[in-house]
Amino acid sequence: MIRGVLFFIEDILPYIAIAVFLFGTVFRLWMWLKVPVPLRINMAPAKTTWRAVTGKIAAEVLVFVSLLRNDKALWAAAWIMHVCGLVVILGSHIFGLVDSSIELWTPLRLQSGKTIIFIAAVFSFPLIAALLFLLLKRVFSINVKRISIFSDYFALILILVHVSNGIYMSFFTELDMAEVTKWGMGLATLKPYVVEGSWIFALHCFTACALFIYFPFSKLFHPLGQIVSRWTLTQKEKPLVPGGAVVE
């Protein structure tokens with residue numbers, strides 16, 4: 001019974017999550033891009049070149065310029081959350097597994113996998129602090145609480161749970177990275193492998209899959225949505241005729 005549950009969480013659910021994530025992302029972007037824009041309303045000053053438009057979008061998406069102007073504390077928390085989250089994903093989930101795979105399948109012993117995972121785990125602590133700040137701001141700030149809905153709290157709590165059990169797994173358990181590597185290679189080669197004897201890894205895998213499934217249909221999708229909306233709002237308006245129709 002327990003092995004069956006672990007097999008579903010570790011070897012079936014990831015495929016479902018990735019499929020939902022990919023199809024959901026394409027669907028959301030397609031639905032946004034097909035919406036007609038009969039009257040282009042841009043943000044002054046309007047940009048007139050591709051380079052200028054791209055730079056404006058990059059400044060908003062990567063640096064959160066508008067948020068920095070309006071709320072520096074919120075900007076700091078949001079920026080720390082995104083940067084630390086990226087380091088954790090790249091460090092522990094990509095570079096760490098790649099290093100472990102090299103050590104598992106070749107005579108090379110790089111001895112860097114654990115270091116990378118440790119660095120990524122250290123970045124998890126400021127990530128936790130930023131997430132808690134954002135959650136508490138929604139709970140105690142009257143203005144923010146007024147515009148918050150259930151999904152806002154749910155997303156933050158889900159990420160907090162995922163990062164917290166990742167920290168616990170990294171610092172307080174003796175999880176064998178070779179086992180995790182075999183699991184990852186099993187997913188990639190369609191040869192299922194179950195990491196047994198580690199409930200925390202199964203929980204970490206479950207919350208990761210939940211995030212993948214939830215992402216395209218939630219506000220977590222805002223980075224991609226922001227690119228689409230900013231592309232519309234930063235370009236120079238087209239000539240208009242009476243009635244608001246756009247002259248092509």
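The values are calculated or read from the model by the stated rules, or taken from the named source; none is laboratory data. Nothing here was measured: the structure is a model prediction, and the numbers come from that model. We place every Cβ from the backbone using ideal geometry, glycine too, and count neighbours over all the protein chains shown.
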Do the conditions hold for S151, that is, is it surrounded by 13 or more Cβ atoms within 10 Å (Cβ to Cβ), touching a Ser or Thr at 6+ places or on another chain (Cβ under 8 Å), touching a residue at least 40 places away in the same chain (Cβ under 8 Å) and closer than 20 Å to L22 by Cα?
no
Look at F172 and say whether it is within 21 Å of C84 (Cα to Cα) and more than 22 Å from the chain's Cα centre (by Cα).
yes
Counting only residues in the stretch 164-186 that are part of a loop (DSSP other than H, G, I, E, B) and in contact with a helix residue (DSSP H, G or I) (Cβ under 7 Å, 6 or more places away or on another chain), the one nearest to I128 (Cα to Cα) is identified as T173
Members of the stretch 139-173 found to be touching a Leu at 6+ places or on another chain (Cβ under 8 Å) and of a type in the set (G, A, S), listed by number:
A155
Just to verify a result, which residue in the stretch 82-103, among those that are buried (at least 20 other Cβ atoms within 10 Å of the Cβ) and modelled with pLDDT of 75 or more, is nearest to A178 (Cα to Cα)?
V88
Looking at the stretch 180-200, which of the residues that are free of Cβ contacts under 8 Å to residues at least 60 places away in the same chain and within 22 Å of the chain's Cα centre (by Cα) is nearest to G4 (Cα to Cα)?
I200
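Regarding A19, is this residue surrounded by fewer than 17 Cβ atoms within 10 Å (Cβ to Cβ), within 20 Å of the chain's Cα centre (by Cα), on the phi < 0 side of the Ramachandran plot and at pLDDT 70 or above?
Numbers: surrounded by fewer than 17 Cβ atoms within 10 Å (Cβ to Cβ): yes; within 20 Å of the chain's Cα centre (by Cα): yes; on the phi < 0 side of the Ramachandran plot: yes; at pLDDT 70 or above: yes.
The answer is yes for A19.
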With the requirement that a residue be aromatic (F, W, Y), under 17 Å from the mean Cα position of the chain (by Cα) and closer than 15 Å to H82 by Cβ, what does the stretch 119-158 give you?
F123
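Does I41 meet the test of being modelled with pLDDT of 80 or more, out of contact with any strand residue (DSSP E or B) (no Cβ under 7 Å at 6 or more places or on another chain) and on the phi < 0 side of the Ramachandran plot?
Values: modelled with pLDDT of 80 or more: no; out of contact with any strand residue (DSSP E or B) (no Cβ under 7 Å at 6 or more places or on another chain): yes; on the phi < 0 side of the Ramachandran plot: yes.
So I41 does not fit the description; no.
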